[in-house]
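Before any comments, here is the structure.
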Amino acid sequence: MNKVLLCPPDYFDIEYEINAWMHENNQVDTELARHEWQSLVEIYSKKLNWDVSLVEPVKGQPDMVFATDCCLINSDKIFLSNFRYPERRAETQFYEKWFRDNGYTDLKTAQHKFEGGGDSLICGDRILAGYGFRSDIESHHELNQYFDMEVISLRLINPYFFHLDTCLTVLSKEALAFYPNAFDKDSQEKLRRLFPGIIEASAEEANGFGLNAVSDGHTVITSDHSASLLQKYRGRGFEVIATPVLEFRKSGGGVKCLTLSLSS
Ligand code: ARG
């Protein structure tokens, strides 16, 4: 059974501006956000029968709702984040506590700036890792040492796609999708070379947060705001479950940001 960890949006809000989506004058509709989050939890727990764990939200940590950012996890080994902005730094300790309370013992915190699943995606025996806005490229060496896996470094250049998981999605070991203009030329070429047939998303599809997706290799769960991209996923044989997450986009997040997958 798949296991995921989420954080209820009790304190989710726009209290600061640390990416191009966030504007303090574009506030979250708290009730709607709660409703969107609850629908996502029900997709996991009721529709897919996945095991959903929750970490206790902390007042004053509005972005803690984006559970994927706390670490990269692979086979119970956890590499904890070292957030770029002071506003988010405290989150790591609360997630670390959850992991320790829940029996995880193999944990290490990044020395260099590193933003967990926001900037790193496992694809087979490789780690795809972003840098340019949040994580430092030096953290990629740490990832390589800690997980003993090849790390493919990808440079992000578009401030609306500040985290790798906003512009690249791993649907299965072979099937990926990306928004080319979010990457520098070298990184675009690397992705096309390593993953022939990689799905290309348009600006509009990427802006709908359809690349910010969770996949178990068969079913893709993502934003309902990128209809044509979802058709591309279906065209490759994936089941797609689309759900509204636009309240979270006000903070630069979507389905994948809200979900830390614990089973790999
Ligand atoms: N407001 C959050 C930030 O700027 C959004 C994080 C989105 N997370 C992600 N995995 N893309 O840090």
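Per-structure values
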| read-out | value |
| --- | --- |
| Using a Förster distance of 51 Å, the FRET efficiency for Gln145-Leu32 (Cβ separation, nearest 0.05) | 0.75 |
| For the chain, projected area of the alpha-carbon convex hull averaged over all directions, nm² | 12.2 nm² |
| Which listed pairs, of Lys173/Lys232; Lys47/Lys250; Lys3/Lys256; Lys47/Lys173; Lys185/Lys232; Lys3/Lys46, have C-alpha distances above 19 Å, in listed order | Lys47/Lys250; Lys47/Lys173; Lys185/Lys232 |
| Label point 7 Å beyond Cα of Glu138 along Cβ direction - residues of region 66-97 with amide nitrogen under 16 Å | 82-85 |
| Qualifying trypsin sites (Lys or Arg not before Pro) in region 1-102, DSSP loop, other Cβ atoms within 10 Å at most 10 | Lys59 |
| By average C-beta atoms within 10 angstrom, highest first, the peptides 148-160, 122-134, 247-259, 211-223 | 247-259, 211-223, 122-134, 148-160 |
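Here, each number is a calculation from the coordinates, and none is a lab measurement. Quick caveat: nothing in here was measured; it's all calculated off a predicted structure. Cβ coordinates were reconstructed from backbone atoms using ideal geometry, including for glycine residues, and neighbour counts include every protein chain displayed.
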